[in-house]
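So the structure is just underneath, and the comments pick up after that.
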Amino acid sequence: MPNFSRTAYSLASTGILLLAALFLASNSHFTKVISTPPDSLEIGNFVEPNFPFISTSIDARKLGPGFPQDNQAARTLAIKLGDSAYVCFDTDLLRWSVAWTRKFMPMNLMAQVSYDDFFNKNNKLAKIAGVPQFATGSYAGWVTLQGGQSTFAAPIPKTDWFPLPAQEARWNGVYTYGSQVGLSYTVGSTDILELPGSREFDGQTAFTRTFKMGTSPTPLGLVLAEVPNGTKVEQDGRFVYIYQGTQQDTVTAVGVAGKGKSILTPEISGKNLLTVRVAPSAQGAEATVLVWKGPARLIKQFEKAAKSTKITLPDLKKGGPAYWKQEVATQGTLAPDTAAFVTDKLTLPLPNPWKRNVRVADVSFFKDGRAAVITFEGDVWTIDGIDRGLQNLRWKRFASGMHETMSIEVVDEKIYVFGREGILRLHDLNNDGVADYYENFSNVMSQSPEGREWAGDMVPAPGGGFYVAKGGSLSNGPGVTPQVAKGFRKGSEHNGVILRITPDGRDFEVIATGLRGPYLGINPQTGVLTASDQQGNFVPSSPIYLIKKGDYYGVSPTVHRTDNPPIAPPLTWIPHHVDQSSIGQAWVTSTQMGPLNGDLVHFSFGRPGLFRVLIDTTSQGIQGGLSMIHADYPAPTSKGTVNPKDGQLYVAGFNLWGSNSKGLSALLRLRYTGKPSYMVNTFEAGKQGIVLRFDSPLDAATATNPDNFQIKRYNYLRTEEYGSGHYKLDGSTGEEKIPVSASYLSPDQKSVLLLVPEMAEVMQMEVAYEVKAKDGHSIADEFWFTVNYLEDLSAAKYGFTNVDYNLLTARRETASKATEVASVAKGKAVFTKTACAGCHSQGTQTKGMYGPPFQGLYGAKRPLEDGTTVVADDAYLRESILNPTAKIVKGYNAEMPSFQGILSDTDIESVILFVKSLGEK
């Protein structure tokens, strides 16, 4: 097994104790693992040898002339049936999409390629690696037959990326039982439990499908294989054959197992389909069918094997043996109480006995304070021992095999997971601490196999059910549907949509559309739903929304409506340099988090870190702002929730899509220490200016000096281009710096009133301040907000009574700053401040970077996507900064926003000097 560099893990696990060995405690099922040096950490294969399936999409359109060409599926189980036999079961259409032998699948999908190559984003479509044996097309695998209807005489293709209507057929879930799985589904009113398998005969592999049928009042039809290049068909009682080849020397065959009477009757439908008719049954029955492709000369041997095959289903509903018996213990690291809020690290279980990577994406809690986390590789771990000291954390694997999972919720003490397969409810049937049944709670949301159509987020809905957010089908990855706009493919009907899933999981309601990459937050007490979106095409900068049913948020490729709806404004915009990649939110429903009690917290993947979100309510509507919760964030912060036991906010996150942090993954506890907080906790923007209220009293001398406050404002321009520059209110490029006419301090010394002339509705305002707290603590920070509505300030409620509003009309001179001079140092500072470092390396690094590296860039010839080349001179660099989509370097996507109106000429000249300093070609 190769060793991989783990410097990223060392960042995410500061304070891990290094022990020389693993040792067993008195309980043989308990493994004490407290890290090894990160550089020697080994990671095993993505596909584990002792677990029977992975969830995946599949592209089987190019298997060859003997197979259907219209064959792809977004949601399948890739099941290991033996040493070299495999099948993909399409859970949407209840069909075996493709069965094959020899090699399994290349690990091409995003979670797979980045599993041990942490920043690899070059995923491809999922395909088989072995030799295809038989397949079916993109149509229903099962139907209810009426009267004398022929089985699958004319299958109807289904390519809308929805599952079959539940009244026709429904996927219920998968049971695990050692090396076997049981597939549970319903066709019409008939419950079916299927055990897929394989058996060998004469060097050949036959695939077996064993069914336990419930009562069925009508006959059912099952398609087993489509053979479009058949040259002859033949039926002989319990066997049917389609011959292939000019010599008819190859055959695809179906045989019913055993010798006695069976409810299964094999048939040939439409000359190219091998099917089975299932007779009605008042009591239910068990039966097995075999499918085989091979030399026609071995037909008799196949018939003999089928007749001798007898398979009995195990009692899957009692649960199987545990796959992972050990617990893994780690010791967390407590942060020193140096500020109001600090981050304690819950050390990840690395290494572990299974050499499994652990990239935590989300966390949820049981009532007793135990946690459950989901990883991007599709694993669920439970964590016990979460107490004040974090010195005896006990991690146990609970489930695996899921597809690019980024959300987990514990509801009524049951674990729910949202991934591309839909929402799963996990069951431990025999109470051994490991899931045995992966129940399909809901797959009613559509899901395409597009590489960038993420199953983004899930939160519990008041009264039952869930809200889910689906990512837009972005075109910066491998695609199977046509491009419909800049940056977008057609994808599924629910890409870029927020849905509410009903309490029974069987239906959905569209809540909002027009999003690019939404992630959610829910207040469990009030039901208030929030969402962020991702800056990109049609999204000028990252917004936060208060979600209302029927809203449309401006991304036209994901509008999914025909009524030309207006674009709903966000609660607040977030500048790109503040958070270039927004993700989840959490409400602090706790009495243990001090100043944050009751507040909304926003998670930044790109910065990374947490922000306090504030809401200003006017008579016309709402607007919001946010300030940074300063703490140590060693890896991207994605999602989190409050632990009901200790009332603290726990935060999960992992790295992949471009962040200023290079840490790989972390599970953190944002802990309130009781020390003073110096954040803004309330704001109000009005016609006369701005009120900022702080958690702690301020020093009067610094708070009443208007020179200590700098304000600027600007708008964005929503276009199909990636992001937006900054624009003044008159439409010209740039930002407006606004002088503060005066500043006042309230009687309790916690509120500051800034008189600001010519206030206006604007998409983005920034207030930078350098003041002192009453206790002498220096405060240098910023507050960012949006003004959607402008009314008179209610200054009196903060205690401001003697305010001279005449100062608003008086022009106050501010100290002029010295003329800035372009320099390498300034260019490096701009490179850092504007988040360029999240996408471009100062050196030659390309892994984990969305843009080309800068070392040796100046003067080099750049190959472009249109086949031409350009020299990276001053003009090229300036154009790339101001109009980044004008020339796209080959191998990269158009994912850089314009810095038009953001950077001054001096800034741009400095960046060019900085790039030059990194070496010329």
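The values are calculated or read from the model by the stated rules, or taken from the named source; none is laboratory data. The structure presented is a predicted model; accordingly, all values stated were derived computationally and were not measured. Note that each Cβ is placed from the backbone with ideal geometry, even for glycine, and that neighbours are counted across all protein chains shown.
Looking only at residues that are without any contact (Cβ under 8 Å) to a residue 60 or more places away in the chain and assigned to a loop (DSSP other than H, G, I, E, B) in segment 454-472, which one is surrounded by the fewest Cβ atoms within 10 Å (Cβ to Cβ)?
Gly463
Looking only at strands (runs of 3 or more DSSP E) that fall completely inside segment 170-243, which ones have 3 or more residues that are under 18 Å from Leu313 (Cβ atoms)?
In segment 170-243, the matching strands (runs of 3 or more DSSP E) lie at 180-187, 190-201, 204-213.
Right, Gly686: surrounded by fewer than 21 Cβ atoms within 10 Å (Cβ to Cβ), small (Gly, Ala, Ser) and assigned by TED's automatic domain parsing to the domain that holds Lys750 or not?
So Gly686 passes the test.
How many residues does segment 645-659 hold that are at negative phi, in contact with a strand residue (DSSP E or B) (Cβ under 9 Å, 6 or more places away or on another chain) and surrounded by fewer than 24 Cβ atoms within 10 Å (Cβ to Cβ)?
Residues flagged as at negative phi, in contact with a strand residue (DSSP E or B) (Cβ under 9 Å, 6 or more places away or on another chain) and surrounded by fewer than 24 Cβ atoms within 10 Å (Cβ to Cβ) within segment 645-659 amount to 3.
How many residues, within segment 869-897, are in contact with a strand residue (DSSP E or B) (Cβ under 8 Å, 6 or more places away or on another chain) and among the polar types (S, T, N, Q)?
2
State the number of residues belonging to segment 755-770 that are farther than 16 Å from Gly625 by Cα and buried (at least 24 other Cβ atoms within 10 Å of the Cβ).
2
Got at least one residue in segment 500-515 being over 26 Å from Gln72 (Cα atoms), of a type in the set (Lys, Arg), at pLDDT 95 or above and assigned to a strand (DSSP E or B)?
Yes, there is a match, as at least one residue in segment 500-515 is over 26 Å from Gln72 (Cα atoms), of a type in the set (Lys, Arg), at pLDDT 95 or above and assigned to a strand (DSSP E or B).
Tally the residues that are within 25 Å of Gln525 (Cβ to Cβ), under 20 Å from the mean Cα position of the chain (by Cα) and in a loop (DSSP other than H, G, I, E, B), restricting the search to segment 624-664.
2
Within segment 322-342, does at least one residue satisfy the condition of being acidic (Asp, Glu) and surrounded by fewer than 16 Cβ atoms within 10 Å (Cβ to Cβ)?
yes
Going by what's in this entry, would Pro449 be described as in a loop (DSSP other than H, G, I, E, B), within 25 Å of Lys158 (Cβ to Cβ) and in contact with a strand residue (DSSP E or B) (Cβ under 7 Å, 6 or more places away or on another chain)?
yes
To keep it simple, each residue is scored yes or no on (1) modelled with pLDDT under 75; (2) among the hydrophobic types (A, V, I, L, M, F, W, C); (3) part of a loop (DSSP other than H, G, I, E, B); (4) assigned by TED's automatic domain parsing to the domain that holds Gly734.
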{"residue": "Ala768", "(1), (2), (3), (4)": "no, yes, no, yes"}
{"residue": "Asp781", "(1), (2), (3), (4)": "no, no, no, yes"}
{"residue": "Thr819", "(1), (2), (3), (4)": "yes, no, yes, no"}
{"residue": "Thr832", "(1), (2), (3), (4)": "yes, no, no, no"}
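Counting only residues that are closer than 16 Å to Lys774 by Cβ and among the aromatic types (Phe, Trp, Tyr), how many does segment 676-707 have?
Here the count works out to 2.
Quick one: is Asp160 at pLDDT below 95, part of a loop (DSSP other than H, G, I, E, B) and among the acidic types (Asp, Glu)?
Yes: the conditions hold for Asp160.
Every residue, every condition in (1) buried (at least 23 other Cβ atoms within 10 Å of the Cβ); (2) in contact with a Phe, Trp or Tyr (Cβ under 7 Å, 6 or more places away or on another chain), yes or no:
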{"site": "Pro570", "(1), (2)": "yes, yes"}
{"site": "Val588", "(1), (2)": "yes, no"}
{"site": "Gln592", "(1), (2)": "no, yes"}
{"site": "Pro595", "(1), (2)": "no, no"}
{"site": "Ser604", "(1), (2)": "yes, yes"}
{"site": "Leu614", "(1), (2)": "yes, yes"}
{"site": "Thr618", "(1), (2)": "no, yes"}
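If a residue counts only when it is charged (D, E, K, R), which strands (runs of 3 or more DSSP E) contained entirely in segment 328-424 have at least 3 such residues?
393-399
On the given criteria, is Gly451 crowded, with 22+ Cβ neighbours inside 10 Å, at pLDDT below 95 and under 25 Å from Gln112 (Cβ atoms)?
Yes: the conditions hold for Gly451.
Among the numbered criteria (1) under 24 Å from Gly66 (Cβ atoms); (2) not in a loop (DSSP other than H, G, I, E, B), which one does Thr288 miss?
(1)
Residue under question is Gly554, and the condition is that it be in contact with a helix residue (DSSP H, G or I) (Cβ under 9 Å, 6 or more places away or on another chain) and of a type in the set (Gly, Ala, Ser); does it hold?
no
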